[in-house]
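The values are calculated or read from the model by the stated rules, or taken from the named source; none is laboratory data. As the structure is a prediction and not an experimental result, all values here were calculated from the model. Don't worry about glycine lacking a Cβ; one is built from the backbone with ideal geometry, like all the others, and counts go over all protein chains shown.
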Amino acid sequence: MRKPQPPPTLDLAARLAGPGGADFVQQMLSATALASTDRYLPWDELRNRRPPEGLTVEEWWAVLKIGRTAIQRKLPLLDKDGRNFTYALPDDALRGIELVDKQTSGRIGAPAPVLPEAPTRERYVINSLIEEAITSSQLEGAATTRKVAKEMLRTGRRPRTRDERMILNNYMGMLRVRELRHERLTPALVIEFHRIITDGTLDDQADCGRLQLPGEDRVVIVDGYDDEIMHAPPVATQLPERLDRLCQFANGDLDAAYVPPVVRAVLLHFMLAYDHPFVDGNGRTARLLFYWSMLSQDYWLAEFLPISRLLKKAPAQYARSFLHSEQDEGDLTYFVLYQLRIAQRAVDDLHQYLDRKVAETQQVRQALKAVSHRFNVRQLALLENAVRHTDARYTVASHGRSHGVVAQTARGDLRDLEEQGLLTKTSSGRGYAWTPIEDLEHRLRTNSLDRMRKQPD
């Protein structure tokens, strides 16, 4: 990735004292008034645009910076040189915050009861956690297919490679975040998150669940093409104090002014990545903190949002939003705006996903309507999946994991569907697996369920 060009510095005093200084003052005043409504472009993008009449692009940048300074808010978070980070809330940010607030903290609107039913909701949560675990690991370099990764997580088999272990760890980390959503964030908890996601994946197991120590070479971020240093984190001696301060911010203990909840979650993500306190796994830990913060602040729908899948589509944009903030005197607005756009896209994708699931659910349920009393919601979900994936294999472990039920309940579901002629049981290792019958979709669509063996009411 090409490193963005840092912003220039400009001697405004000389410009004001020179010819046209009075007109320049008026342009500055106008820019200040428009700072909250104009697009919040970084210098790397602004420099390629046409400046207003009478200004060079460097002068245009200086004018915009003056306007932005008037609306910036100081944070209790510090860069490695002890200067306060700042952020602004231009109109784009306010719109993004409002949309995320409405769509992730209230009740989701869906044309059919997909999420409200507890067992069904749990299935969607688990599917989302699996998706996030896979893509978050792939962002950090894990190489495996989605099909293999999902099979591992659903069946509960042991990971065969370090990449698979990475994905399993991420999944366990997401589950732990759900459990601890109402706990205060502490340095020990951040360390625990890191230990979970890196267990068995580092070259030196002693690096698992610990901060880098003074005297060790700090891990820097370099460009994959020419090894140019993109980001050098704070020295290791600062890490314990910085982590403690980050946790205080996460819990709202350092607030001198109001910080919108979703912005707080985004800033936690940024700061953990900026401090880069661990040998490896910093990005995954940062994303876990984002989810923890969202869930702890009652954005309940956040657990359905596979943020990493969207970040993986454009990793360079993600990195540039980070670098733009670092280069522009610690102005985190660029990173906040980018993450808000990602969250909004994730919500939009979720709605589209639910719309598809609702249509599929209605189609299968319509076919099963006449005998719907024979199936529970977990069995209906399995049948929907089996229609779409004719080569699917279901085990007691995978069915139980998908729906959050114990083995006895999962086994009963599968045996019942087998007895009704919808699944075929085969040997699988020391146990059994169930696969869809060849004509399952035809039988469901043609309502030929009358040929199934009736079960006692």
Unmet criterion (only one of (1) buried (at least 20 other Cβ atoms within 10 Å of the Cβ); (2) among the hydrophobic types (A, V, I, L, M, F, W, C); (3) free of Cβ contacts under 8 Å to residues at least 60 places away in the same chain; (4) under 23 Å from residue 222 (Cα atoms)) for residue 314: (1)
Checking residue 341 against (1) closer than 30 Å to residue 195 by Cβ; (2) in a helix (DSSP H, G or I); (3) modelled with pLDDT of 85 or more, the condition it does not meet: (1)
Selected residue [in a helix (DSSP H, G or I) and modelled with pLDDT under 80] from 356, 401: 356
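Starting from residues that are assigned to a loop (DSSP other than H, G, I, E, B) and among the basic types (Lys, Arg), keep the ones in the range 193-223 and report whichever is farthest from residue 158 (Cα to Cα).
Selected residue: 218.
Residues are listed down the side, and each one gets a yes or a no for (1) over 38 Å from the mean Cα position of the chain (by Cα); (2) of a type in the set (D, E, K, R); (3) buried (at least 18 other Cβ atoms within 10 Å of the Cβ); (4) at pLDDT 75 or above:
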{"site": "369", "(1), (2), (3), (4)": "no, yes, no, no"}
{"site": "397", "(1), (2), (3), (4)": "no, no, no, yes"}
{"site": "410", "(1), (2), (3), (4)": "no, no, yes, yes"}
{"site": "428", "(1), (2), (3), (4)": "no, no, no, yes"}
Single residue of the range 224-252 satisfying the filter (among the β-branched types (Val, Ile, Thr) and not in a helix (DSSP H, G or I)) that is modelled with the lowest pLDDT: 229
Number of positions in the range 269-306 that are of a type in the set (Lys, Arg) and farther than 25 Å from residue 165 by Cβ: 0
Scope the range 226-244; condition surrounded by fewer than 18 Cβ atoms within 10 Å (Cβ to Cβ) and under 18 Å from residue 83 (Cα atoms); matching residues: 231, 232, 235, 236, 237, 238, 240, 241, 244
Test: residue 45 is more than 31 Å from the chain's Cα centre (by Cα) and either at pLDDT below 75 or outside any loop (DSSP other than H, G, I, E, B) (or both): no
Residue pairs meeting the criteria (Cβ under 6 Å; at least 6 apart or on separate chains; first over 19 Å from residue 177 (Cβ atoms), in the range 250-270; second at pLDDT below 95 and of a type in the set (A, V, I, L, M, F, W, C)): 260/97
Counted residues, the range 379-391 - those being crowded, with 18+ Cβ neighbours inside 10 Å and closer than 15 Å to residue 154 by Cα: 3
